[in-house]
Amino acid sequence: MRQDLGLKLLDSSPKKPFDVERIRADFPVLSQNMNGKPLAYLDNAASAQVPKVVIERIHEYLTKEHANIHRGVYYLSQKATTAYESAREKIKRFINAREAEECIFVRGCTEAINLVAYSFGRRFIENGDEIVLSQMEHHANIIPWQTIAEEKGARLRIIPINERGELVLEEFENLLNERTKIVAITHVSNSLGTVNPIKQIISIAHKFGIPVCVDGAQAIPHFRVDVQEIDADFYAFSGHKMFGPTGIGVLYGKRKWLEEMPPYQTGGGMIRRVTFEKTTFAPIPEKFEAGTPAIMGAIGLGAAVDYLNSIDFEAASEYEKELLEYATEQISNIEGVRIIGTAKEKASVLSFVIENIHPHDIGTILDQQGIAIRAGHHCAQPVMDFFKIPATARASFAFYNTKQEVDRLIEAIKKTVEIFS
Ligand code: PMP
């Protein structure tokens with residue numbers, strides 16, 4: 001039976017082939033040379049590139065619409081407020097949230113998870129409680145929980161992974177009990193590419209009445225996510241990984257949780273009434289958006305959502321999957337290369353090590369060929385510990401990458417092996 005991955009099933013009716021060259025023309029960065037070679041940008045898991053329409057929207061905002069929001073009675077401020085709030089509405093529709101108010105603008109996925117850890121943690125986590133994470137989490141989905149656990153005298157319980165880099169789901173249910181206050185888990189691993197069966201995980205946790213906070217940073221750019229369908233309590237993601245600007249991200253949270261949680265930061269824009277004796281807070285989302293938010297970032301992110309809606313995102317997603325399969329097949333033929341992360345369901349990420357060559361050397365040699373990949377622990381040191389390696393080289397794909405770029409990657413890896421042998 002097909003695992004339930006929280007992906008919408010793809011329509012099987014015949015479609016026009018995905019036109020990658022047309023898509024590439026939308027991304028100005030991609031047409032440059034690097035080190036005298038055409039840029040092959042394969043570090044999309046770190047940050048994706050930005051299409052022209054997003055750049056133009058930000059330019060338009062700055063040249064015609066900029067003012068602080070929610071405060072001004074004058075036309076320009078109202079225009080900026082409308083643009084900011086309409087970006088929230090776009091996000092709501094994109095992830096199928098029930099209400100726009102359940103979408104909080106934050107600085108990025110890291111801030112979104114910190115918000116949940118501290119605010120939910122402050123309200124609901126007590127001495128002796130447990131927080132369930134997995135072995136494959138990004139540090140952004142470990143340290144906030146570790147910190148609140150230390151503060152509260154709670155402890156972390158970890159879902160193990162297997163040699164393929166998949167969660168050992170049989171162990172998951174055993175970790176849940178009446179002390180478990182939250183499960184915090186990634187939808188897609190940034191270091192392994194594993195797509196977790198998130199709907200199933202959430203449904204198991206909910207059987208115990210436990211809410212789930214999903215780190216969606218690596219899922220949102222690669223396939224459609226429906227937060228109601230998977231029934232996530234919280235879903236965190238970053239704008240810059242989904243073809244929007246840096247400095248903006250989203251925390252989706254169910255109203256019932258967000259209303260019960262205390263503010264994460266306090267200050268202007270998030271109050272109902274302030275006196276020196278007592279302050280009462282604005283309703284969501286303002287309660288969680290203290291100070292002047294990233295207005296330009298939110299509007300840019302709204303334009304990125306418009307862009308994803310304007311292309312055939314399902315076809316893009318399928319194309320990208322084929323690209324990853326092709327790259328995996330090709331790299332498997334190179335002697336001495338070991339893929340880290342061989343889960344049955346993967347998205348975007350091809351992590352690998354080469355015998356006797358440090359990943360940083362691989363990255364440097366590839367850079368000379370104009371190929372941008374990442375080398376390091378990918379902020380996932382527990383994953384590196386599991387595989388007993390210090391680091392990996394990681395190519396990560398977006399729908400604007402091509403088979404030719406994969407071929408260049410493979411050639412460059414072969415050359416690297418040759419140089420070091
Ligand atoms: N979680 C995952 C799985 C990630 O890949 C990243 C970014 N590498 C983050 C969280 C943090 O995202 P940001 O740095 O944009 O806050």
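The values are calculated or read from the model by the stated rules, or taken from the named source; none is laboratory data. Keep in mind that what you see is a predicted model, and the values were worked out from it rather than measured. As a convention, Cβ positions derive from the backbone with ideal geometry for all residues, glycine included, and neighbour counts pool all protein chains shown. These accessible areas exclude ligands, DNA and RNA; they are computed on the full protein's heavy atoms, side chains included. Shrake-Rupley method; radii C 1.70, N 1.55, O 1.52, S 1.80 Å.
When only residues in segment 159-175 that are open to solvent by 70 Å² or more (accessible area, probe 1.4 Å) and closer than 18 Å to Asp385 by Cβ count, which is nearest to the chain's Cα centre (by Cα)?
To start, the set of residues in segment 159-175 that are open to solvent by 70 Å² or more (accessible area, probe 1.4 Å) comprises 163-164, 170-171, 173-174.
Remaining after also requiring closer than 18 Å to Asp385 by Cβ: 163-164, 171.
Details: Glu163: 23, Arg164: 21, Glu171: 25 Å.
Step by step, filter segment 159-175, then rank; the result is Arg164.
Quick one: Asn114 ticks every box in (1) open to solvent by 10 Å² or more (accessible area, probe 1.4 Å); (2) within 13 Å of the ligand (Cβ to nearest atom); (3) out of contact with any Pro (no Cβ under 6 Å at 6 or more places or on another chain); (4) not aromatic (Phe, Trp, Tyr) except a single one, so which number is it?
(3) is the only condition that Asn114 fails.
Please pick out the residue among Tyr319, Tyr326 that is among the aromatic types (Phe, Trp, Tyr), over 17 Å from Arg24 (Cα atoms) and open to solvent by 20 Å² or more (accessible area, probe 1.4 Å).
On the way: Tyr319 fails: over 17 Å from Arg24 (Cα atoms).
Unique residue meeting the criteria: Tyr326.
Just wondering, is there one or more residues in segment 57-68 that are in a loop (DSSP other than H, G, I, E, B), open to solvent by 20 Å² or more (accessible area, probe 1.4 Å) and modelled with pLDDT of 95 or more?
Initial filter on segment 57-68 (in a loop (DSSP other than H, G, I, E, B)): 66-68.
When the remaining residues are screened for being open to solvent by 20 Å² or more (accessible area, probe 1.4 Å), the result is 66, 68.
With modelled with pLDDT of 95 or more added as a condition, the list becomes 66, 68.
Checking segment 57-68: at least one residue is in a loop (DSSP other than H, G, I, E, B), open to solvent by 20 Å² or more (accessible area, probe 1.4 Å) and modelled with pLDDT of 95 or more.
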